[in-house]
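Take a look at the structure below.
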Amino acid sequence: MTKRSVTFGIIAVGVLLIASLAILLPNSAAGKGENGTFVNDYCGTITLTDGEMLLNGQRKIRYTVAQDTDGPYILPQVYVGAVPDIGFDVDGTRSILKLRLDRLPAPTRIVLHEGLTPYIFNRHTSSLR
């Protein structure tokens, strides 16, 4: 066995291991306890379900969940902004905004900043009567 074949074998095993982990590990966009529906009186609803954000029951946007020094956040694949009394602005040409969560798991609030204005979406809890 030559040095070259040993090196090739080690590289091949490493690539297979990384590929196996990428397939077997859960999607980083889901499973962090963020799922739920959040409501704002001026903009409507954001429903988070396993990496997919539903805006006012109409528009679906993929997202990931991450955390930085300011805490946990949702990062949509495209820009999602608030438009008071209308709903949401979705724009693939603008810079993406982080939607801040108050905590993980089970956040009770999402904050979306549109300029200097924070729009607060509170978790909707269904009441049984």
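The values are calculated or read from the model by the stated rules, or taken from the named source; none is laboratory data. Model, not experiment: these values are computed from the prediction. Note: ideal-geometry Cβ built from the backbone for every residue, glycine included; neighbour counts use all protein chains shown. Side chains included, ligands, DNA and RNA excluded: accessible areas come from the protein's heavy atoms. Shrake-Rupley method; radii C 1.70, N 1.55, O 1.52, S 1.80 Å.
If you stretched the chain out fully between THR108 and TYR42, how much longer would it get, using 0.36 nm times the residue separation minus the C-alpha to C-alpha distance?
Difference between extended and current length: 22.0 nm.
Once both labels are modelled 7 Å past Cα along the beta-carbon direction, what's the HIS124-ARG62 spacing in nm?
A separation of 2.5 nm, rounded to one decimal place.
Could you pull out every one of the aspartates and glutamates with an alpha carbon less than 18 Å from that of LYS98, ignoring same-chain neighbours closer than 8 positions?
GLU34, ASP50, GLU52, ASP68, ASP70, ASP89, GLU114
Please get the size of the charge dipole for segment 87-129, origin at its Cα centre, with Cβ charges of +1 on Lys and Arg and -1 on Asp and Glu, quoted in debye to the nearest 20.
Here segment 87-129 has a charge dipole of around 280 debye.
Within segment 33-129, what whole-number % of the accessible surface is contributed by carbon and sulfur, with the 1.4 Å probe and all protein chains included in the calculation?
It is 49 percent, rounded to a whole number.
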